[in-house]
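Scroll down for the structure; my scribbles are underneath it.
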């Protein structure tokens, strides 16, 4: 196919210049034009003659003149280009000086010496442009003024003129193509130019190629925003070639060129700031598809064409080394036997000790009856011994299920029952356990004590089995948690896929900062151990006190830090309070768990360069083994709130699909599907959900996971993350189904209707869950909190629960979330009047919480948490006193209490 994509340079660009080429001039015509150039007696014309010796130079001169802008010149530029065998005339004007008929009139005057009359010119019009969201231009390629052009001169190997296309058929094909990109209800600006004049149509482009005028905009006197401009040009003679303007006037411009009503080319033009070249190429290919008559017995289907177009942008699945996790761990244990493997507040454990103690735990579990594939719920405090227990279960051939011991008893009981766990390793006493319970409770101390009793050489452990692994429970759309079972093969694949990229080695020091029930900790634990590094296991009380965690990072010289963005923003604020940088040992920071806002990293880059510390944003899903993609963050990225989550890691792959499972073209929004080495074994006891979420592609036979996330692919293979399709959110890295919270609030006696939503106040460091409820009982926010604390983890408790008379609805009968938040939770507005010392504390409290509170309100009861507490403390240190400590804030959590504390301190009544 003679379909060419060209990039026009900035020097050739002008939206105000039009050009008429006249080819194959006769000797008589050349003589007349040459004579005119000698006289130069007309005020509106400037004529030059260029004599060139070679055919190559002749073509170069024509190209130069055709693409040379004229700006707002008063004269029409006329250039006659000659060589031995050919002659071409190039007429150039500003659009406001002469249009097609005007330039033709000039040409006729040159030949016939007719007295010039007033020229026809285009109306001076600057239609409003509507931006397109699917062009996804690459930021480093976008240079102001450049544009791409895709020319269609053949279809199915034959000239476009062979198909006898009419304008309406081309308009219809354009509408069908735009529909693929989500532009169904679009406004277009269509101008038809002929030798005799012009016609203009503005309005909605229908799928049949007709255009309905935008009557509403006309009646209101508004200027409609146009995403697409269509310029149809008919010069009625192959001798002429007319270019309406040198660069696109609209986000997407379609130029149709005809001779005597016969279309001979269709050109698509778009600024590089609007559309990437590959996006335009795909758009042009799909336009060709719709322009070509379809023959069912021979032509490819639309889906096949799209699949073919998207194939080069799919990441090929890399076959990773088939080393199993036990062999890898044993190799590490031998190679780095005397290196520290684990460290907590109680001391250090070397890799040799880790091997002996975890082997002993595994042996004891087998003696207790644990068989290959059996599940063991582990619910103990976060320390070295927790890690030993999890490794012990793996070495015994089992599956460990980490559960935070602070979870409500009801949730722990549910997990025990739902998972079918055979063992419960915990100091907790399950009151709900009855005689029919299928699991065996084992005290952790009993397992851990065995490590001192049995000699290492006498241990007999089973060979590795791929049935071993872990289960992480996430929030469920049906209102109940769901367990995701992941094989150990996935863990080793994750480490192998990232070790070279991130240069993971035994020289590193990691932290296990996140709760073991959050899958980010899987990466922290196994990423460290399987690369021979030191893992510092962070107690939960330290993880919830960012000042203490900051000190821990310095004390242990941590080199690899994994953080949810919310946690890191707080940590960054603490670092910025220091006179000099103190986190110099950190070489790699990996973000995950929730969306990253690049603009909030400026404080970090003011102190640390990318060469000193690499920042990486990773997108991941529990069902696909923690991480899926990675994106490096540089200082140049800080001015934009980028949506990019980068490219898949080795062995993983991503496809963006429409609701029917068809791959989306570049730039088109769709659901993110994940495939490759990280796919989990699915959900426990959720066969219907497994069928819905884990899909076998009919064309390729490959297995994919439907993430429920919206995204789009760019031409460099990277992915933009656009949010959730359903009602799932991430708060501080925890994946939460709002429907699960709604279900528990609905169970409260007297509650009739419930709405759970998320408030995302720009002044806060992260989102907050808000519940609105109708009830015939007068519950306070604290009442709801106390009830839910018995049933849900703390991170799922709404920051505020608001009793409303009625849940407001929009005109379409949907819940009016905006009205709920605006009326019931008006954001706090700082007062411009000078504040007295008495009011400063209240002002700071309100500012950080993003809402109006009273002097007696407790910070943590009004939506405050450990991360916001860091922001509050930082503000108090700046505005009130540098001597306030984080522990003071936890004790004196209301403005009035803090005020009384500070006054007592001034009087010397409080010991420091």
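Yes/no per residue for (1) in contact with a helix residue (DSSP H, G or I) (Cβ under 8 Å, 6 or more places away or on another chain); (2) at pLDDT below 90; (3) more than 26 Å from residue 767 (Cα to Cα):
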residue: 863; (1), (2), (3): yes, yes, no
residue: 866; (1), (2), (3): yes, yes, no
residue: 870; (1), (2), (3): yes, yes, no
residue: 875; (1), (2), (3): yes, yes, no
residue: 887; (1), (2), (3): no, yes, no
residue: 893; (1), (2), (3): yes, no, no
residue: 901; (1), (2), (3): yes, no, yes
residue: 907; (1), (2), (3): no, yes, yes
residue: 910; (1), (2), (3): yes, yes, yes
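Residue-by-condition table, conditions (1) part of a helix (DSSP H, G or I); (2) without any contact (Cβ under 8 Å) to a residue 60 or more places away in the chain:
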{"site": "854", "(1), (2)": "no, yes"}
{"site": "861", "(1), (2)": "yes, no"}
{"site": "868", "(1), (2)": "yes, no"}
{"site": "876", "(1), (2)": "yes, yes"}
{"site": "884", "(1), (2)": "no, yes"}
{"site": "901", "(1), (2)": "yes, yes"}
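Output the strands (runs of 3 or more DSSP E) that fall wholly within the range 3-51 and possess 3 or more residues being over 18 Å from residue 79 (Cα atoms), or say none. Counting at least 3 such residues, we get 3-8. Of all residues in the range 607-619, those that are farther than 13 Å from residue 638 by Cα have Cβ atoms under 7 Å from Cβ atoms of residues that are at pLDDT 95 or above and assigned to a loop (DSSP other than H, G, I, E, B), 6 or more apart or on another chain, in 613/586; 613/587; 614/587; 618/627; 619/628.
Checking each residue in the range 493-535 for being within 24 Å of residue 381 (Cα to Cα), touching a helix residue (DSSP H, G or I) at 6+ places or on another chain (Cβ under 8 Å) and either assigned to a helix (DSSP H, G or I) or without any contact (Cβ under 8 Å) to a residue 24 or more places away in the chain (or both) picks out 522, 523, 525, 526, 527, 529. When residues in the range 259-283 are screened for being surrounded by fewer than 22 Cβ atoms within 10 Å (Cβ to Cβ) and either closer than 28 Å to residue 23 by Cα or touching a strand residue (DSSP E or B) at 6+ places or on another chain (Cβ under 6 Å) (or both), 9 of them pass.
In the range 770-783, what residues are under 19 Å from residue 815 (Cβ atoms) and under 36 Å from the mean Cα position of the chain (by Cα)?
The answer is 770, 771, 772, 773, 774.
Against the list (1) closer than 25 Å to residue 69 by Cα; (2) at pLDDT 95 or above; (3) touching a helix residue (DSSP H, G or I) at 6+ places or on another chain (Cβ under 6 Å), the condition residue 270 fails is (2).
Reported count of residues in the range 667-713, each being in a loop (DSSP other than H, G, I, E, B) and more than 13 Å from residue 307 (Cβ to Cβ), is 12. In the range 198-225, how many are on the phi > 0 side of the Ramachandran plot and either modelled with pLDDT of 60 or more or part of a strand (DSSP E or B) (or both)? The total comes to 2. Reported count of residues in the range 725-747, each being modelled with pLDDT of 80 or more, surrounded by fewer than 18 Cβ atoms within 10 Å (Cβ to Cβ) and not in a helix (DSSP H, G or I), is 2. The residues on offer are 747, 686, and the sole one that is in contact with a strand residue (DSSP E or B) (Cβ under 6 Å, 6 or more places away or on another chain) and over 20 Å from residue 522 (Cβ atoms) is 686. Answer yes or no as to whether residue 551 is without any contact (Cβ under 8 Å) to a residue 12 or more places away in the chain and either surrounded by fewer than 19 Cβ atoms within 10 Å (Cβ to Cβ) or part of a helix (DSSP H, G or I) (or both). Against the criterion (without any contact (Cβ under 8 Å) to a residue 12 or more places away in the chain and either surrounded by fewer than 19 Cβ atoms within 10 Å (Cβ to Cβ) or part of a helix (DSSP H, G or I) (or both)), residue 551 qualifies. In the set 682, 678, only one residue is under 30 Å from residue 323 (Cβ atoms), surrounded by 22 or more Cβ atoms within 10 Å (Cβ to Cβ) and in the same structural domain as residue 710 (by TED's automatic domain parsing); that residue is 678. Just give me the residues in the range 77-91 being in contact with a helix residue (DSSP H, G or I) (Cβ under 6 Å, 6 or more places away or on another chain) and either crowded, with 20+ Cβ neighbours inside 10 Å or more than 16 Å from residue 24 (Cα to Cα) (or both), in sequence order. Once the filter is applied, which keeps residues that are in contact with a helix residue (DSSP H, G or I) (Cβ under 6 Å, 6 or more places away or on another chain) and either crowded, with 20+ Cβ neighbours inside 10 Å or more than 16 Å from residue 24 (Cα to Cα) (or both), the range 77-91 yields 79, 80, 81, 87, 88, 90, 91.
Among the residues of the range 593-624, those identified as closer than 19 Å to residue 656 by Cα and either touching a strand residue (DSSP E or B) at 6+ places or on another chain (Cβ under 7 Å) or at pLDDT 95 or above (or both) are 595, 618, 619, 621, 622, 623, 624. Of the residues 545, 505, the single one that is out of contact with any strand residue (DSSP E or B) (no Cβ under 7 Å at 6 or more places or on another chain), closer than 22 Å to residue 326 by Cβ and surrounded by fewer than 24 Cβ atoms within 10 Å (Cβ to Cβ) is 505. Working only within the range 55-103, note down all residues that are assigned to a helix (DSSP H, G or I), touching a strand residue (DSSP E or B) at 6+ places or on another chain (Cβ under 7 Å) and touching a residue at least 24 places away in the same chain (Cβ under 8 Å). Residues satisfying the conditions are 58, 62, 65, 66, 100, 101, 103.
The values are calculated or read from the model by the stated rules, or taken from the named source; none is laboratory data. This is a predicted model, so every value here is computed, not measured. Backbone-built Cβ (ideal geometry, glycine too); neighbour counts: all protein chains shown.
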